[in-house]
Amino acid sequence: MRDEKLVKDLKDTLSLLEDYLRLYWEGKEYHYQGVAVQLRKLCCDTQRGQDNSLLVQLYPEITFHPCNEPDSEWLKELREKIANPGKSRVIFASPVVFSTDSIGIASVVDEELKPIRLSEWLDEMIHYGTTLDGQSGEITIRSLIRSIADKVGAHADKNYDEVLNITGTTSSPGPAQEYEKTYIGLVTRLGEYVLRRVREHIKQIE
């Protein structure tokens, strides 16, 4: 028997996620913040060593498709450039599929790959890059969601962290017909995928 309060919380969270995504696609870009907060509640809401994520508590068996796999040689070369940028001021890459039309990022996962458990999925690399001032790193799904939710969505921190600095250095087309920071496109596409995946999972088992 599933906890009634948690079930209601999950239902409300999915409804909020859907609403924030709809508003984002209507051109209200700032609703990406709400998307990140709901994703944190669903997937990676850890406090003081306790995982309070709704999916962990209600559906620990749920799985997700990995990110698109970058070519190993290409990734090796990119990592070398990140470590030794030389004359290159900005280097970045995301294992995502970009659309040829105005929507920018089309997908962040490869649904042809075998699904993996939530904890593994959160550790998937979704962005590799550097900033103008030399910060560099490999950004995981978990760190992207938590950084946006904690630094922008739920709080107004004075400074961005490394994750937002790196993923905010570049941009791609967004629904508002202007270029948006890369982390906005990434987290909204993650939100769409997670929303669909969770609802499919619930429908299959109930």
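For the stretch 5-23, enumerate the residues that are touching a helix residue (DSSP H, G or I) at 6+ places or on another chain (Cβ under 9 Å) and either over 15 Å from Y193 (Cα atoms) or without any contact (Cβ under 8 Å) to a residue 60 or more places away in the chain (or both). Walk me through how you get there before you give the answer.
First, pick out the residues of the stretch 5-23 that are touching a helix residue (DSSP H, G or I) at 6+ places or on another chain (Cβ under 9 Å): 6-7, 9-10, 13-14, 16-23.
Within the stretch 5-23, L6, V7, D9, L10, T13, L16, D19, R22, L23 meet the criteria.
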*Find the residue count for the stretch 177-206, including only residues that are surrounded by 15 or more Cβ atoms within 10 Å (Cβ to Cβ) and outside any helix (DSSP H, G or I).*
2
*Can you name the condition, by its number, that T169 falls short on among (1) modelled with pLDDT of 90 or more; (2) assigned to a loop (DSSP other than H, G, I, E, B)?*
(1)
*Scanning for something in a helix (DSSP H, G or I), among the small types (G, A, S), at pLDDT 95 or above and surrounded by fewer than 17 Cβ atoms within 10 Å (Cβ to Cβ), does the stretch 28-50 turn up at least one residue?*
no
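The values are calculated or read from the model by the stated rules, or taken from the named source; none is laboratory data. This is a predicted model, so every value here is computed, not measured. So basically every Cβ, Gly included, is an ideal-geometry build from the backbone, and we count neighbours across all protein chains shown.
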